[in-house]
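Worksheet for the structure shown next.
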Amino acid sequence: MVRAFDPPSIPKPSGSYTHGIEVDAGTRLLFVAGQTPGRSDGSIPDTIEEQLDVVWQRIGAVLAGAGMGYSDLVKVQTFVTRTEYLPKTSAARLKYLGSHRPTATLVCITQLADPRYMVEIEVIAARA
């Protein structure tokens, strides 16, 4: 079982996330490595919107391979290379996660492993 916690003693989440999630012992956990925007053919999209779609689709494929889906996510860590990508990052998250609110971290960094990458996302999923 998975339970979300947003205690009234701290400010409400400022975005589409929850402050804490508790996962019961015995729950299946899936740790997904940071997914980057490289396509299977080796190409890398030129826009942040396309890169976000590739990354979220790759995450979806890993989740599906484990018999899980986006609604099983309990933690999302997003790394972007420019602050102006933040609205597009939020829009893509809404597109793929809908009203689901896992815990989250969003970090702006100078560069990812390949300088053409604008975003990398890693996740943790849990299913009873």
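May I ask you to give the average projected area over all directions of the convex hull of the Cα atoms of the stretch 77-128, in nm² rounded to one decimal? Don't jump to the answer; show the numbers that get you there.
On the way: hull surface 16.9 nm².
Spelled out: convex hull of the Cα atoms, projected over all directions, averaged, 4.2 nm².
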In degrees, nearest 10, range 0 to 90: what is the angle between the Cα axis of helix 86-97 and the longest Cα principal axis of the chain?
60 degrees
All-pairs Cα distance distribution in the stretch 24-127, expressed in whole percent, bin size 5 Å:
2, 13, 25, 26, 18, 11, 4, 2, 0
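Normalising by the residue count of the chain, find the relative contact order in percent from Cα pairs under 8 Å and 6+ residues apart. Write out the running numbers ahead of the final one.
Working: 218 pairs, mean separation 48.4, N = 128.
Normalised by residue count, the contact order of the chain is 38 percent.
Could you sort 63-72, 119-128 so that the peptide with the highest average Cβ count within 10 Å comes first and the rest follow in order? Display every interim value, and only then the final one.
Working: 63-72: 14.9, 119-128: 19.9.
Top to bottom by mean Cβ count within 10 Å: 119-128, 63-72.
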Pairwise centroid distance, computed over Cα atoms, of the stretch 73-128 with the stretch 1-42, Å
11 Å
So what is the relative contact order for the stretch 11-61, in percent, with contacts set as C-alpha pairs under 8 Å and at least six apart?
28 percent
So if I place +1 on the C-beta of Lys and Arg and -1 on the C-beta of Asp and Glu, and nothing else carries charge, what would the dipole magnitude of the chain be about its Cα centre? I want it in debye, nearest 20.
280 debye
Expected sort for 100-108, 35-43 on mean C-beta neighbours within 10 Å, highest first, is 100-108, 35-43
Helix 48-65 versus the longest principal axis of the chain: what angle, 0 to 90°, nearest 10, using Cα atoms?
50 degrees
Roughly how many nanometres apart are two label points built 7 Å out from the Cα toward the Cβ at GLN111 and LYS12?
4.2 nm
For LEU86 paired with ALA25, estimate the spin-label separation in nm (one decimal), with each label point 7 Å from Cα along the Cα-to-Cβ line.
4.1 nm
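No value in this document is a laboratory result; all are computed from the given coordinates. Nothing here was measured: the structure is a model prediction, and the numbers come from that model. Note that we place each Cβ from the backbone using ideal geometry, even for glycine, and neighbour counts take in every protein chain shown.
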